Amino acid sequence: MAFISSGYNPEKPMEDRITDIGPRKFDEFYPPVIAKNKGKWLYHEYLQPGVLVHVAESGDEVYTVRCGGARLMSTSHIREICEIADKHCGGHVRWTTRNNIEFMVDNKSKVQPLLDDLAGRKFKGGSFKFPVGGTGAGVSNIVHTQGWIHCHTPATDASGPVKAVMDEVFADFQSHRMPAHVRVSLACCLNMCGAVHCSDIAILGYHRKPPMLDHEYLDKMCEIPLAIAACPTAAIKPAKVEINGQKLNSVAVNNERCMFCGNCYTMCPSMPLADTEGDGIVIMAGGKVSNRISAPKFSKVVVAFIPNEAPRWPRTSATIKQIIEAYANDARKYERLGEWAERIGWERFFEKCELDFTHHLIDDFRDPAYYTWRQTSQFKF
Amino acid sequence: MAKHETPMLDQLESGPWPSFVSDLKQEAEKRAKNAAGVEFQIPQDAVEDLLGVLELSYKHGRTHWKHGGIVGVFGYGGGVIGRYCDQPQMFPGVAHFHTLRINQPGGKFYTTKYLRELCDLWDFRGSGITNMHGSTGDIIFLGTTTPQLEEIFYELTHKYNQDLGGSGSNLRTPADCIGQARCEYACYDTQALCYDLTNEYQDELHRPAFPYKFKFKFDGCPNCCVASIARSDLSFIGTWKDDIKIDQAAVQAYIGGEIAPNAGAHSGRDWGKFDIQKEVINLCPTGCMAMDGKTLKINNRECTRCMHCINVMPRALHIGDERGVSILAGAKAPILDGAQMGTLIVPFIEVEPPYTKIKEEVIEPIWDWWMEEGKNRERLGELMKRQGLQKLIEVLGVDPDPRMVQEPRSNPYIFWKEDEVPGGWDRDINEFRKYHQR
């Protein structure tokens, strides 16, 4: 493994340095049919789950085959995507915001051979490499974060629960039987690198134990005032501690005031929260980002905690399946999950989803909490 | 033979959904065989060790990645995330395993030529493992060592005309929806605006000078496919001012059942015959639609452009022609004080290159205010909450508009300014007492 230089000279880092050039320009990568008809599309249609046609003013058509992808992706897999795109799509491919892969062809006759090719590709372990779906009134791919594969603050894994949940709802990735589209998202901690707080169903990693204090190293590793300032509930204060006869500057945590956000750990590595029993999953439901019919909504906490059941998170995926089935059975056409819950009332939501309502689900965090309590005599028995 | 036993991860290979474990294993095998004769610049068994450390996390129910480390490329303060394993003796292949964020092209369109170039670079100088894509939108190169960072940056910029994305307290890599490239709903060219602003603000993107992260996202229409309204400090949502265009013959075709409603999105179930009254007119949030005999009428002045009718009948209804964006400010995830949705601050602005008004009258005044007043790690939305929407309106120098609020305040605790009250606040108590005994 001999070091091979790129040409970079560490002695003279500024020599020939190129900076601030930004991304590659989007239109370098457009397939010809896209470049030609940009801004002149007339309408689209789903021909079957996972297959779209867009028709342009010129009469040109572009057929898109959408495939689910694990966003964690090897170069082997990307090279296989390239091979497919070369074979069927003139060397063009794109990804969606929800980690789906889209293969586009400019003629209907090219669709079936592409579908056949994709259907035949499986990983050694047996799973599909390119399941077609993720369109219309179905369950699309889960957007998610890193989890245990690469992050330092997660309270759950990301890729594992996503795989488990998508296996559970796979039939609905490939069908259009939902009342409206269902967007599921996962964030492995409260930092939420993604928009899980406005998803039909959000899977959120959460800690339940206050930080441990690594007093011996805390003052060396952290800026104590920053750690204190990081706490949204003012639960952290400066403290002097004695370790092995040595007086050290450190912090003290008022555990009663901690709501386990982990913001202190973000600022100070000597305050880890992660814990096998403490960590797990919160399920939130009823959010959306679209302005369609009703305004965008935040997801609401509907299950306060499910333990991390690696490797397949059975209770998490079963709970999600349960919510999706109740919604599919009861909601009206076009009604998003949150709109359904609001129409039938949250008391009915818990009944129909067969979920327990516990004290954890009543908001008690600051002023906005008050606005979530019921202030009317209207309710359902 | 795998380097580490992974009995728990192995259980994630079954089931229909693409298995990331199977993919990691195929990459580990590819690196072990090295049929392509790559002169790996980081440990050949990095992916084996990645599987190993992940298995250990599955066993422990805890991550084994340390808190970051300050690594990067010269002159940039973002784009690289330092990552070290907390069990480096057990998993030396991933002891140092840094992330690079590569600024994705707009709309996430690629040629296979370019993707292969990236793959070649990443097989050679990194782990061969990526995210396509990270939540913010970047291509994520997952796992390399410190000495490779400058080498990768040099190759990206010199050979591939490609820059890094943002991380830390700076402008994060802006992201867009597919927009006009392949969507008839797009009210502006999301990719052009995204690309222009990304290039205009390269300094802000690469050199952290902000109180905290700052995100731009570009949605072509109010359907918000990139979720800008929920997760960007400045959310650009396409909209129009004039009338929805109606093709009455196509409306009749929907009514007659010749065209499937909602573009066929409900094909998996028998919802009965399409009923325009029930499915479109009655669901219109403003009640601004009606059938007048065989003609669909829309009172466009009352329309709030929610997209429902257009989504249901895309062949009959089309967005208007007087197009632009609405700009909403301050969305963010819950850390710290709870999640915030974007607040409408600019109801309508035209989107024409070189976008001078958007830059000089919206983005830059907001940044000046936030950089002056924002506390360490305070997002724009939190500053807005702390100082009030009035303050932001003042910063923008625009007139208050009822479109900016859901409803007027229900308390009368108005912070009147002295110059708003005739005579000001300096008064003579003795003069007052002449008329009002103590």
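The values are calculated or read from the model by the stated rules, or taken from the named source; none is laboratory data. This is a predicted model, so every value here is computed, not measured. Every residue, glycine as well, gets a Cβ built from its backbone with ideal geometry; the counts of neighbours run over all protein chains shown. Side chains are part of the model used for accessible areas, which takes the heavy atoms of the whole protein and leaves out ligands, DNA and RNA. Shrake-Rupley method; radii C 1.70, N 1.55, O 1.52, S 1.80 Å.
Scalar couplings 3J(HN,Hα) for region B:140-152, obtained by applying the Karplus form with A = 6.51, B = -1.76, C = 1.60 to θ = phi - 60°, are 9, 8, 9, x, 8, 9, 4, x, 7, 4, 5, 5, 5 Hz; x denotes Gly and Pro. Dipole orientation for chain A: of the candidates A:P210, A:T372, A:V251, A:T372 has the Cα lying most toward the positive pole (charges on Cβ; Lys, Arg +1; Asp, Glu -1). For region B:99-205, the relative contact order works out to 29 percent when only alpha carbon pairs closer than 8 Å and six or more residues apart are counted.
For the pair A:F357 and A:K25, label points projected 7 Å from Cα toward Cβ lie 5.8 nm apart.
What's the longest uninterrupted piece of chain B once you rule out the GluC sites (Glu not before Pro) that are loop residues per DSSP with at most 13 other Cβ within 10 Å?
Details: sites that count: B:E5, B:E39, B:E258, B:E322, B:E350.
No qualifying site falls inside B:40-257, the longest such stretch.
Answer with one residue from B:I140, B:P18, B:F40: the one whose Cα lies farthest towards the positive end of the charge dipole of region B:7-159, charges on Cβ with Lys, Arg +1 and Asp, Glu -1. Comparing the listed Cα positions along the dipole, B:I140 ranks first. If I model region B:245-318 as equal point scatterers sitting on the Cα atoms and use the Debye formula, what is log10 I(q)/I(0) at q = 0.13, 0.21, 0.22, 0.28 Å⁻¹? The calculated log intensity ratios at q = 0.13, 0.21, 0.22, 0.28 Å⁻¹ are -0.34, -0.90, -0.99, -1.59.
Would you tell me the mean number of C-beta atoms belonging to other protein chains that fall within 10 Å of each C-beta in A:59-70, as a whole number? Working shown, then result.
On the way: counts 0, 0, 0, 2, 0, 2, 0, 0, 1, 3, 5, 10.
Partner Cβ neighbours, averaged per residue: 2.
Modelled spin-label separation between B:R301 and B:F415, with each label point placed 7 Å from Cα along the Cα-to-Cβ direction: 3.7 nm.
Per residue, the average separation of C-alpha pairs within less than 8 Å and at least 6 apart gives chain B a relative contact order of 11 percent. In order along region B:84-92, the phi-based Karplus estimate (6.51 cos²θ - 1.76 cosθ + 1.60, θ = phi - 60°) of 3J(HN,Hα) comes to 10, 7, 8, 10, x, 5, 6, 10, x Hz; Gly and Pro are listed as x. Applying 1/(1 + (r/R0)^6) with R0 = 45 Å to the Cβ-Cβ distance of B:I393 and B:D203, what FRET efficiency is obtained, to the nearest 0.05? For B:I393 and B:D203, the calculated efficiency is 0.95. Taking every alpha-carbon pair under 8 Å whose residues sit at least 6 apart, region B:7-159 reaches a relative contact order of 21 percent.
What is the log10 of I(q)/I(0) for chain A, computed with the Debye formula using one identical point scatterer on each Cα and no solvent, at q = 0.07, 0.12, 0.13, 0.14 Å⁻¹? Per q value, in the given order, log10 I(q)/I(0) is -0.43, -1.06, -1.16, -1.24.
How charged is the neighbourhood of B:H158? Take every other residue with its Cβ under 10 Å from the Cβ of B:H158, and add Lys/Arg as +1 and Asp/Glu as -1. Before the final figure, lay out each step's value.
Working: positive: A:R17, B:K159; negative: A:D16, B:E155.
Residues close to B:H158 contribute a combined charge of 0.
Considering all projection directions equally, how large on average is the shadow of the alpha-carbon convex hull of the protein assembly as shown, in square nanometres?
Details: hull surface 167.0 nm².
Projected area, direction-averaged: 41.8 nm².
The residue list A:L273, A:P161, A:L118 was ranked by how far each Cα lies along the charge dipole of the protein assembly as shown toward its positive end, using unit charges on Cβ atoms, and A:P161 comes out on top. Which entries of B:K3/B:K59; A:K163/B:K113; B:K3/B:K33 show an alpha-carbon separation above 22 angstrom in the structure shown? Those over the limit are A:K163/B:K113.
Legend: mean number of C-beta atoms from other chains within 10 angstrom of residue C-beta atoms, peptide A:120-133, equals 5.
Using unit Cβ charges (K, R positive; D, E negative) and no other charged atoms, how large, in debye to the nearest 20, is the dipole of the protein assembly as shown about its Cα centre? Before the final figure, lay out each step's value.
On the way: 94 positive and 105 negative charges, 289 e Å.
So the dipole magnitude of the protein assembly as shown works out to roughly 1380 debye.
Quick one: if you stick a label point 7 Å off each Cα along the C-beta vector at A:S377 and A:D214, how many nm between them? If labels sit at A:S377 and A:D214, their model points lie 6.0 nm apart. Report, in degrees rounded to the nearest 10, the 0 to 90 angle that the Cα long axis of helix B:190-200 makes with the longest principal axis of chain B. So the helix axis and the longest Cα principal axis differ by about 80 degrees. Remark: region A:133-142, residue by residue, has Karplus-estimated 3J(HN,Hα) of x, x, 10, x, 7, x, 9, 7, 4, 8 Hz, where x stands for each Gly or Pro and the curve is 6.51 cos²θ - 1.76 cosθ + 1.60 at θ = phi - 60°.
Cross-link pairs exceeding 31 Å in C-alpha to C-alpha distance, out of A:K300/B:K297; B:K241/B:K332; A:K300/A:K333; B:K25/B:K108; A:K36/B:K245, comprise A:K300/B:K297. Running a GNM on chain A with Cα contacts under 10 Å, which residue among A:A56, A:A331, A:A187 ends up with the highest mean-square fluctuation? Ranking A:A56, A:A331, A:A187 by mean-square fluctuation puts A:A56 first. For the peptides B:309-321, A:17-29, the ranking by mean Cβ contacts within 10 Å, running from highest to lowest, is B:309-321, A:17-29.
Of the peptides A:298-307, A:139-148, the order by per-residue mean of other Cβ atoms within 10 Å, starting with the highest, comes out as A:139-148, A:298-307. Here region B:7-159 is assigned +1 on the Cβ of each Lys and Arg and -1 on the Cβ of each Asp and Glu. Its dipole about the Cα centre then comes out at about 320 debye. Per-residue mean of foreign Cβ neighbours for B:303-309 is 3 (Cβ atoms of other chains, 10 Å radius).
For the options B:N131, B:N103, B:N411, a Gaussian network treatment of chain B with springs between C-alpha atoms closer than 10 Å singles out B:N411 as fluctuating the most. Computed log10 I(q)/I(0) for chain B at 0.09, 0.11 Å⁻¹: -0.76, -1.01, from the Debye equation with unit scatterers placed on every C-alpha and solvent omitted. Residue ranges A:167-173, B:246-252 sort as A:167-173, B:246-252 when ordered by packing (mean number of other C-beta atoms within 10 Å per residue, highest first).
Legend: Rg and Dmax of region B:7-159, from Cα coordinates, 15.5, 46 Å.
Which residues, if any, in region A:162-177 have at least 10 Å² less accessible area in the whole protein complex than in the isolated chain, probe 1.4 Å? Hits at the 10 Å² cut-off: A:K163, A:M166, A:D167, A:F170, A:H176, A:R177.
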